[in-house]
Structures are given as structure tokens and as C-alpha cells.
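Notes follow once the structure below has been shown.
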Amino acid sequence: MRAVERYLVGLEALPWSAVWRMGLGLTIPPVFSVIAGGKELIWPYLALFVGLLLALRVAPALFRFALPVSQDAKEAWRKRRFIAKDYDSYQWQKLFWIGLGMLPHAFIGSGLGAGGRALLAICLIGGGAGLVTWLKLGAGRERTVA
């Protein structure tokens with residue numbers, strides 16, 4: 001694999017996958033608040049979050065299709081997709097890092113509104129459970145992919 005390909009494949013391996021997801025989580029409360037018109041209601045936040053999760057699914061697929069990468073990079077991504085299909089916890093643990101990125105907003109200024117708190121709880125509780133399960137069941141498999 002070329003250096004650029006190793007970098008792209010490495011973005012989905014720890015610690016970089018956690019770092020960029022925490023960065024994403026850090027941007028969610030202010031961006032969602034602006035999009036929702038300053039109203040921190042639960043349903044708009046959940047709808048925006050489902051849209052974000054969908055975009056996080058579609059965008060990498062488009063990049064995989066559009067980027068000219070080696071067979072090694074394609075194989076690494078293919079293995080990760082199969083791991084994700086086999087283990088729900090592999091997908092759920094990603095939410096933990098997003099929630100961890102959102103966490104500082106709970107303590108800054110007036111904190112998070114109802115929508116932000118609901119999203120934070122879903123990410124930290126659901127993602128935390130997924131992370132614990134993933135570490136118990138499958139973390140060793142991911143290391144063989146990178």
C-alpha cells in the first residue's frame with residue numbers, strides 16, 4: 001500500500017478512529033442547534049443524527065468507489081465491512097467516541113438542551129455498551145485488518 005492508502009485505512013483504526021469521531025462529536029451540538037433553529041428538541045436532534053449516521057455510511061462508500069486504491073486497501077476495507085456485519089458492537093462502539101466528543105458541551109455555558117442530552121445519553125450508554133462488548137468479543141480481529 002502507498003502512504004496515502006495506509007493513512008486512509010488507518011483512519012478507521014484506533015486511536016485515529018476515536019480521535020476523528022470525538023472531533024465530530026464536538027461539532028454536533030453547535031451545528032445541530034443552528035440547523036434546528038436554536039430549539040433543542042429531542043426529535044429534530046434525533047432526525048439530524050440519523051441523517052448524520054446515514055451520511056457516515058454513504059460518504060465512505062462513495063470514496064471507496066471513486067478513489068483509485070490498491071487491492072490491499074480495498075481488501076482491508078472489505079474485511080472491516082464484514083466485521084461490521086458480523087458484530088453489531090463494532091458499529092455501536094463508534095457512538096461512544098462521538099458521545100465523548102459531545103461531553104464538553106454538557107459542562108460549557110448553559111449545557112446541552114433536551115435534544116443534546118438525549119443524543120449524548122444514547123451515544124455514551126449505547127456506545128459504551130457496544131465498546132465493552134466489542135473489546136470482549138472482537139477487538140483482536142480489528143487489529144489484523146490494519
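Throughout, read-outs are computed from the coordinates displayed, never taken from laboratory work. In this text, all values refer to a predicted model and were calculated from it rather than measured experimentally. Positions of Cβ are backbone-derived with ideal geometry, glycine not excepted, and every protein chain shown enters the neighbour counts.
At 222 nm, what helix-only mean residue ellipticity would the chain give, in deg cm²/dmol to the nearest 500, using -39500 (n - 2.57) for each DSSP H run of four or more? The partial results should precede the final answer.
Values: 8 runs with 113 residues, N = 146.
Rounded to the nearest 500, it is -25000 deg cm²/dmol.
State the volume of the convex hull built on the alpha-carbon positions of the chain, expressed per residue in Å³ and rounded to an integer. Please list the in-between numbers first.
Working: hull volume 16.1 nm³, N = 146.
Once divided by residue count, the hull of the chain is 110 Å³.
Could you order peptides 90-102, 54-66, 24-36 by the average number of other Cβ atoms within 10 Å of their residues, highest first? Write out the running numbers ahead of the final one.
Details: 90-102: 22.5, 54-66: 10.9, 24-36: 17.1.
Packing order, densest peptide first, comes out as 90-102, 24-36, 54-66.
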Spin-label pair Arg78/Leu56, simplified geometry with 7 Å Cα→Cβ offset, distance in nm: 2.6 nm
